[in-house]
Structures are given as C-alpha cells and as structure tokens.
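The next block holds one structure in the form of structure tokens; read it before the comments.
The values are calculated or read from the model by the stated rules, or taken from the named source; none is laboratory data. Quick caveat: nothing in here was measured; it's all calculated off a predicted structure. We place every Cβ from the backbone using ideal geometry, glycine too, and count neighbours over all the protein chains shown. The accessibility values were calculated without ligands, DNA or RNA, using every heavy atom of the protein model including side chains. Shrake-Rupley method; radii C 1.70, N 1.55, O 1.52, S 1.80 Å.
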Amino acid sequence: MASYAAGFLLLLSSLCALAQPEAGRDYLPIIQVQQPQGDKIELVEFFYYGCPQCFELEPILQDWLERRRDIKIVRIPAFRSSWLALAKAYYALEIMGQEDRLRRRIFSALHDGMDLINERVLFDWIEKQGIDRKKFESVYFSSAVANKIDDSEKKARRLGISGVPSLVVDGRYLVLGNLARTDILDQLVAMAGKERISQPLQ
C-alpha cells in the first residue's frame, strides 16, 4: 500500500509539472518589463468589441475575475483605422463611468449585426441606452480620449500585440494559445507574484 501511495504521488507530481505554463507554448516573456504600480497583479486585455473571439472570451474572463479579486483588470481597445470609432467609444464610456454597464450590450449589438462603427448609428444607439448624446459626443471627440488612444497604441507596440484578444499578465507574460484556459492564467499570476518578490520595484 505504501509503495502504491508513493507511486501515485510521484505520478501526480509529474502531471503537475507537465501542467506548468511553458514559454513559447503558453506564453511569451515580455522583453522590456514595466511592472505596474500597486499591490495587485495586473491583467491587461487588448480587445475589440467587434471581435467574435473577444465576445466569446468576455463571460469566461469576467467569471474568472469574479473569483480573483486580487487581480486588477485593465482593458485596452486595440484598433485599426476602421476600428477607431469603437476604441473612442470605449474610452468615452469609461470616462463617463458607463463602460461596465454597456460592455455586454455593445458586444451583443455588434454580434447581431448592428453597424456601430458608423458614428451616426453609434451615437443613436448610445442615446437609446439612456446616455446624454451631447455629453457623450463631447467626451468622444475630446483630447482626453485622443490621448488615451495614443497611449494605448504605444503600449500595444511596446508589448508586441499583433491581434485580439491578447492578455498580458503584470507586464511580464503575453498569454498564448487558448485564452479561456484560466488555469494557465492562475499559474502565470502566481509566477508574476514570485517575480515581484524576487525583483521588487526600486
């Protein structure tokens, strides 16, 4: 019996070792690490409202975040020229404190075929969600939103983001493969925590 138990523990430890995230398969190390400020591990999600994979990932990621209150989520709307309207809409809604409330509605509206990249359609839709249209347009066209767009573009370039959805754990690991693997996220968060201890901010 003792030898059976020892063999089982050895097999279990081997399986656990195999489950560890592997560089090049599960993640890419970020070369120029810029550790976020604050005590919480930061997860950055680069996304696009019109991306089907982002739409599918959203509820999975949200459920994981509900369980991981120790994680700070930062969402960055990646964009090409044709995506700019929705990137600006994200930041305008964030500034107005409305993005959390409308995120799923925007995903669903686009998924159902609504042309929210058309600014007229977008502004009409925003108004129907109970938001003052003139206030939204004022923020949408503001320098504050333009600056956030510029900053997000620079951050995407620095982190080597080439598509969406993309997840970056604490400025250290770009997640690869199946982003719905929250077990991998858990392990990368643990790795980032150890890195913070061994390499504290100066």
Inset, instruction - Within the range 104-123, track down each residue that is in contact with a helix residue (DSSP H, G or I) (Cβ under 8 Å, 6 or more places away or on another chain), open to solvent by 60 Å² or more (accessible area, probe 1.4 Å) and outside any helix (DSSP H, G or I). - result: Met114, Asp115, Ile117
Inset, instruction - Would you mind stating whether Ile126 is open to solvent by less than 50 Å² (accessible area, probe 1.4 Å), farther than 18 Å from Lys148 by Cα, at pLDDT 95 or above and under 14 Å from the mean Cα position of the chain (by Cα)? - result: no
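Here is a yes/no grid of residues against (1) out of contact with any Phe, Trp or Tyr (no Cβ under 8 Å at 6 or more places or on another chain); (2) part of a helix (DSSP H, G or I); (3) of a type in the set (Gly, Ala, Ser):
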{"position": "Ser162", "(1), (2), (3)": "yes, no, yes"}
{"position": "Asn178", "(1), (2), (3)": "yes, no, no"}
{"position": "Leu185", "(1), (2), (3)": "no, yes, no"}
{"position": "Ile197", "(1), (2), (3)": "yes, yes, no"}
Inset, instruction - Considering every residue within the range 182-192, establish whether at least one is of a type outside the set (Asp, Glu), in contact with a helix residue (DSSP H, G or I) (Cβ under 6 Å, 6 or more places away or on another chain) and over 26 Å from Tyr27 (Cβ atoms). - result: no
Legend entry - Subset of the range 31-62 that is acidic (Asp, Glu) and in contact with a helix residue (DSSP H, G or I) (Cβ under 8 Å, 6 or more places away or on another chain) - its residue that is surrounded by the fewest Cβ atoms within 10 Å (Cβ to Cβ): Glu58
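Kindly indicate whether Tyr49 is among the hydroxyl-bearing types (Ser, Thr, Tyr) and in contact with a Phe, Trp or Tyr (Cβ under 7 Å, 6 or more places away or on another chain). Outline the logic, then answer.
On the way: among the hydroxyl-bearing types (Ser, Thr, Tyr): yes; in contact with a Phe, Trp or Tyr (Cβ under 7 Å, 6 or more places away or on another chain): yes.
It is true that Tyr49 is among the hydroxyl-bearing types (Ser, Thr, Tyr) and in contact with a Phe, Trp or Tyr (Cβ under 7 Å, 6 or more places away or on another chain).
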